[in-house]
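Shown next, in structure tokens, is the structure this report addresses.
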Amino acid sequence: VQLVESGGGLVQAGDSLRLSCAASGRTLSSYAMGWFRQAPGKERDVVAAISRSGISTRYADSVKGRFTISRDNAKNTVTLQMNSLKPEDTAVYYCAAATSALMPTTVNSYDYWGQGTQVTVSS
């Protein structure tokens, strides 16, 4: 499956952004999906994950209450709505797909990755 992220950009603190991940090659309903981010000099960490059906989600503590992950299996897309953005949210954001039936939170649990989209939040 091929994943392509879009929606990144430069915003001010407190603003919102909506990231989208479009899939091709296979239907996304076969995969648990996750959003990760990686800031310069730091490891790639999970931001949010969603089950195959979309019923279950999980979030990093740092984004709970601000970010929302959702999916539309009919459209083969996954979305990350980011509100109340902070400078510390600045990173490259990656969409990833896992064949696991669970919602993994580790990088090596995911099988497919997008190329990433830059999100920069100015103070």
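Please find, within the range 56-87, the residue that is most open to solvent (accessible area, probe 1.4 Å) out of those that are of a type in the set (D, E, K, R), touching a strand residue (DSSP E or B) at 6+ places or on another chain (Cβ under 8 Å) and farther than 12 Å from residue 35 by Cα.
86
For the range 1-20, which residues satisfy the criterion of being among the β-branched types (Val, Ile, Thr) and open to solvent by 50 Å² or more (accessible area, probe 1.4 Å)?
Scanning the range 1-20 gives a single hit, 4.
Looking only at the range 47-66, which residues are of a type in the set (Lys, Arg) and without any contact (Cβ under 8 Å) to a residue 12 or more places away in the chain?
64
Those residues that are β-branched (Val, Ile, Thr) and surrounded by 14 or more Cβ atoms within 10 Å (Cβ to Cβ), I need them from the range 100-111; list them, please.
Of everything in the range 100-111, those that are β-branched (Val, Ile, Thr) and surrounded by 14 or more Cβ atoms within 10 Å (Cβ to Cβ) turn out to be 105, 107.
Cβ contacts < 9 Å: first residue modelled with pLDDT under 95, restricted to the range 34-46; second residue open to solvent by less than 70 Å² (accessible area, probe 1.4 Å) and of a type in the set (Gly, Ala, Ser), any location; separation 6+ or different chain. Result?
Short answer, once both residue conditions are applied: 40/91.
Failed condition for residue 53, given (1) in contact with a strand residue (DSSP E or B) (Cβ under 6 Å, 6 or more places away or on another chain); (2) modelled with pLDDT under 95, with all others met?
Answer for residue 53: the failing condition is (1).
The values are calculated or read from the model by the stated rules, or taken from the named source; none is laboratory data. Please read all numbers here as calculations on a predicted model, not as lab measurements. Every residue, glycine as well, gets a Cβ built from its backbone with ideal geometry; the counts of neighbours run over all protein chains shown. Keep in mind that these areas ignore ligands, DNA and RNA; they rest on the heavy atoms of the full protein, side chains included. Shrake-Rupley method; radii C 1.70, N 1.55, O 1.52, S 1.80 Å.
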